[in-house]
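Working notes for the structure below.
The values are calculated or read from the model by the stated rules, or taken from the named source; none is laboratory data. Please read all numbers here as calculations on a predicted model, not as lab measurements. Every residue, glycine as well, gets a Cβ built from its backbone with ideal geometry; the counts of neighbours run over all protein chains shown.
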Amino acid sequence: MLVNTKALVISTVKYAEADLIVKCFTKSSGIKSYMLKGVLKSKKGKLRASYFQPLSLLEITAFHKNKGSLEYLKEVKVDYPFKSLHNNVVKSSLVLFLSEVLKQSIIEEEPNESLYSFLEEAFKWLDENESYANFHILFLLKLTEFLGFSPDASTINKPIFNPVEGVFQHDISNIYCVEITPENKGITHLFGIKFDEIKTLKLTKKQRQNTLDILLLYFELHIQGFKKPKSLAVLHQIFN
């Protein structure tokens, strides 16, 4: 079946000498993986390796067999040309981190247009703005809404966050519970705000790091097989 759809590049893996396997989250069909034969040596073809940087927004025409195997791309064009996302050192580090998160978090081969629209707008926002120190932690929290395990903030004034149940409560009930100390309070400031309000978040480096650690623990507890991204250490160095 020939399909034309928007697609977000999640990851690429080199195969053989000149081939790439590209995993994309497509607007029409969810997660799809494509075999790009000879793309690493091709200089004149329609498909160029430079199109497939992590989190690139593309418009693709592809052959989908929908049998769980590798699909094939016919045509590709850039849907949104990023200006700074892959050139700015800090933003490119965020790109690597967030692409690792998405690779582990989005696995379904089914359409989810609301999730695609969220990702598209979020990365456009990151590309266009310069006050983004807390972008990644707000992004992770908002992502949980689309993945179906968003924490319940109705009792946010209670002193303990229980990441197993995704609730705030009075008492410690398991080994994963987190006390909302001043250094951990960053998690409570994220609920209900938009990316444009990020610059109003006044978090210390320690609060930002602790909030990120809490959110990654939350992902580990709610997504089977999720592991902390390898790029996390680099991210901590950059923001410290």
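Take region 171-210 and flag every residue that is surrounded by 11 or more Cβ atoms within 10 Å (Cβ to Cβ) and without any contact (Cβ under 8 Å) to a residue 24 or more places away in the chain.
Within region 171-210, 172, 173, 177, 180, 185, 189, 197, 204, 206 meet the criteria.
Within region 180-198, can one find any residue that is farther than 24 Å from residue 117 by Cα and assigned to a loop (DSSP other than H, G, I, E, B)?
Yes: region 180-198 contains one or more residues that are farther than 24 Å from residue 117 by Cα and assigned to a loop (DSSP other than H, G, I, E, B).
With the checklist (1) in contact with a helix residue (DSSP H, G or I) (Cβ under 7 Å, 6 or more places away or on another chain); (2) of a type outside the set (Gly, Ala, Ser); (3) at pLDDT 95 or above in hand, flag the one item residue 175 doesn't pass.
The single condition residue 175 does not satisfy is (1).
Could we say that residue 27 is modelled with pLDDT under 85 and among the charged types (D, E, K, R) here?
Criteria not met by residue 27.
Considering only region 83-109, how many residues are part of a helix (DSSP H, G or I), among the aliphatic types (A, V, I, L, M) and farther than 14 Å from residue 130 by Cα?
5
If you take the residues in region 118-147 that are free of Cβ contacts under 8 Å to residues at least 40 places away in the same chain and assigned to a helix (DSSP H, G or I), which one is surrounded by the fewest Cβ atoms within 10 Å (Cβ to Cβ)?
121
Going through region 8-32 one residue at a time, which ones are surrounded by 17 or more Cβ atoms within 10 Å (Cβ to Cβ) and among the hydrophobic types (A, V, I, L, M, F, W, C)?
8, 9, 10, 20, 22, 24, 25, 31 - these are the residues of region 8-32 that are surrounded by 17 or more Cβ atoms within 10 Å (Cβ to Cβ) and among the hydrophobic types (A, V, I, L, M, F, W, C).
From 23, 6, grab the single residue that is within 30 Å of residue 134 (Cβ to Cβ) and within 14 Å of the chain's Cα centre (by Cα).
Sole residue among the options that is within 30 Å of residue 134 (Cβ to Cβ) and within 14 Å of the chain's Cα centre (by Cα): 23.
Just need a number here: residues in region 151-170 that are in contact with a Gly (Cβ under 9 Å, 6 or more places away or on another chain) and buried (at least 16 other Cβ atoms within 10 Å of the Cβ).
Here the count works out to 2.
Would you please name the residue that is nearest to residue 133 (Cα to Cα), looking only at residues in region 44-82 that are of a type in the set (Gly, Ala, Ser) and either without any contact (Cβ under 8 Å) to a residue 40 or more places away in the chain or not in a strand (DSSP E or B) (or both)?
It comes out as 56.
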